[in-house]
Amino acid sequence: MSKYAPELISTAKAMMAEGKGILAMDESNGTCNKRFEQQDIATTVKNRRTYRELILTCPNLSDYISGAILYDETIRQSTKSGVSFVKVMQKAGMIPGIKLDTGAKNLAGHKDEKITEGLDGLRDRIAEYYQMGARFAKWRAVITIGEATPSDACIEANAYGLARYAALCQEGGLVPIVEPEVLIDGKHTIERCYEVTEKTLHEVFRHLYVQNVAYDQMILKPSMVISGTGCSTQASVEQVATETIRCLLNTVPPAVPGIAFLSGGQSQERSSAHLNYMNAKFKSQCPWRVTFSYARAIQQPALEHWGGNSANVAKAQKLLLQRAKLNSAASKGTYTQKMEKKPVLV
Ligand code: 5MM
């Protein structure tokens, strides 16, 4: 057992506080730059820092957000006035988290499949981030559905990586967010997505068990069971929520304190509606908290409005807060379509 066990249990509990979720803002520079390019924002260190300051200094964000996942560049940065982002978060009551994987690379011998890297030197990196104030971490594995994928080799290698990462995190005092993402891209049906997600989660929890990972000191960040974006039949909100919960009940041990979904390219409204349906209809059957750890589905309106212009910061923060609030409602099962219509005023 980790010497940090009591601290890990209380951190995980705080991350899963009622009515709150986790903000993913751990885009690597490549991904952040891609999002900036789509908005014609210059892809500079200065702009990335300014944008992350906009997010972390958003008034009242901690009413809905328990913690935020940072990227290595971001956790070392400060506000324009010189206060470190970690301090800003601690003061606001948000737990700092850190992305630990170094990205999904091509899996040798397996066309169109990925393996997430980052295990080399991980123990030392964890110690450094803990010293800096991080209290949880994230590692994302990517599973692709295609005609011949995923292979057993891909699922197994990624599950092993997630488990090794999670064990090292718990040893070093960070609550591991375990993120096996089954990609939404493809023509697959929701039934096929169910099959792949169930198999992946079984394999992930088998490896977590083998590596002695304590289930009560981790958070699962899965994708939803959903139709592929290119599938001609798109499942309804009810189907997505029902199949997702069925899949999780069949695979996730009750000792896990919480499940925080990624949005994975779903629209903002759909991400909220799916999460809401799960909580509104199935809360009493779920042994874990069911909430969000979205990036795009929370940040997008704010990023678009900001556009790299300092005059837009206040309204962009209101837009960010609005999506955090709507997803907080969804995590309690009280979100409605009507809430989307309310104008956001500066
Ligand atoms: C799947 O991506 C995670 C959740 O984001 P969405 O809600 O937008 O799907 C997210 O934390 C992701 O891991 C980062 O944004 C991207 O990281 P990389 O390492 O790909 O830049």
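The values are calculated or read from the model by the stated rules, or taken from the named source; none is laboratory data. Computed from a predicted structure; not experimentally measured. Because the Cβ atoms are built from the backbone with ideal geometry, glycine has one as well, and the counts that use them run over all protein chains shown.
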Within segment 149-161, can one find any residue that is touching a residue at least 60 places away in the same chain (Cβ under 8 Å) and among the acidic types (Asp, Glu)? no
Among ARG35, ARG48, ARG52, the single one that is assigned to a helix (DSSP H, G or I), within 16 Å of the ligand (Cβ to nearest atom) and in contact with a strand residue (DSSP E or B) (Cβ under 9 Å, 6 or more places away or on another chain) is ARG52
Of all residues being assigned to a helix (DSSP H, G or I) and surrounded by fewer than 20 Cβ atoms within 10 Å (Cβ to Cβ) in segment 269-295, which is nearest to the ligand (Cβ to nearest atom)? Just the residue, please. ARG270
Checking VAL252 against (1) more than 16 Å from the ligand (Cβ to nearest atom); (2) assigned to a loop (DSSP other than H, G, I, E, B); (3) touching an Asp or Glu at 6+ places or on another chain (Cβ under 8 Å): exactly one of these is not met. Which one? (3)
Of everything in segment 276-297 that's out of contact with any strand residue (DSSP E or B) (no Cβ under 6 Å at 6 or more places or on another chain) and among the aliphatic types (A, V, I, L, M), which residue is farthest from THR43 (Cα to Cα)? ALA280
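I'd like the residue in segment 102-112 that is of a type in the set (A, V, I, L, M) and either at positive phi or in contact with a strand residue (DSSP E or B) (Cβ under 6 Å, 6 or more places away or on another chain) (or both) and, out of all such residues, is surrounded by the most Cβ atoms within 10 Å (Cβ to Cβ).
LEU107
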Filter segment 154-186 down to residues that are outside any loop (DSSP other than H, G, I, E, B) and of a type in the set (Asp, Glu) and give me whichever is farthest from the ligand (Cβ to nearest atom). GLU171
So which of ILE75, ILE22, ILE41 is at pLDDT 95 or above, away from the ligand (no atom under 13 Å from the Cβ), of a type in the set (A, V, I, L, M, F, W, C) and within 28 Å of LEU168 (Cβ to Cβ)? ILE75
Is there any pair with a first residue in segment 262-273 that is without any contact (Cβ under 8 Å) to a residue 12 or more places away in the chain and a second that is part of a loop (DSSP other than H, G, I, E, B) and not hydroxyl-bearing (Ser, Thr, Tyr) whose Cβ atoms are under 9 Å apart and which are 6 or more apart or on different chains, and what are they? none
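Quick one: in segment 3-13, which of the residues that are surrounded by 17 or more Cβ atoms within 10 Å (Cβ to Cβ) and more than 16 Å from the chain's Cα centre (by Cα) is nearest to the ligand (Cβ to nearest atom)?
THR11
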Give the residue that is farthest from ILE177 (Cα to Cα), with candidates limited to residues of segment 106-136 that are aliphatic (A, V, I, L, M) and without any contact (Cβ under 8 Å) to a residue 60 or more places away in the chain. ALA108
Cβ-Cβ below 9 Å, separation at least six or inter-chain, first residue in segment 213-228 and free of Cβ contacts under 8 Å to residues at least 12 places away in the same chain and within 12 Å of the ligand (Cβ to nearest atom), second of a type in the set (D, E, K, R) and part of a strand (DSSP E or B): which pairs? none
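Residue-wise test of (1) surrounded by 18 or more Cβ atoms within 10 Å (Cβ to Cβ); (2) more than 22 Å from the chain's Cα centre (by Cα); (3) closer than 20 Å to ILE22 by Cα.
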{"site": "LEU61", "(1), (2), (3)": "yes, no, yes"}
{"site": "SER66", "(1), (2), (3)": "yes, no, yes"}
{"site": "MET89", "(1), (2), (3)": "yes, no, yes"}
{"site": "PRO96", "(1), (2), (3)": "yes, no, yes"}
{"site": "LEU100", "(1), (2), (3)": "yes, no, yes"}
{"site": "LYS114", "(1), (2), (3)": "yes, no, no"}
{"site": "GLY121", "(1), (2), (3)": "no, yes, no"}
{"site": "ARG140", "(1), (2), (3)": "yes, no, yes"}
{"site": "ALA159", "(1), (2), (3)": "yes, no, no"}
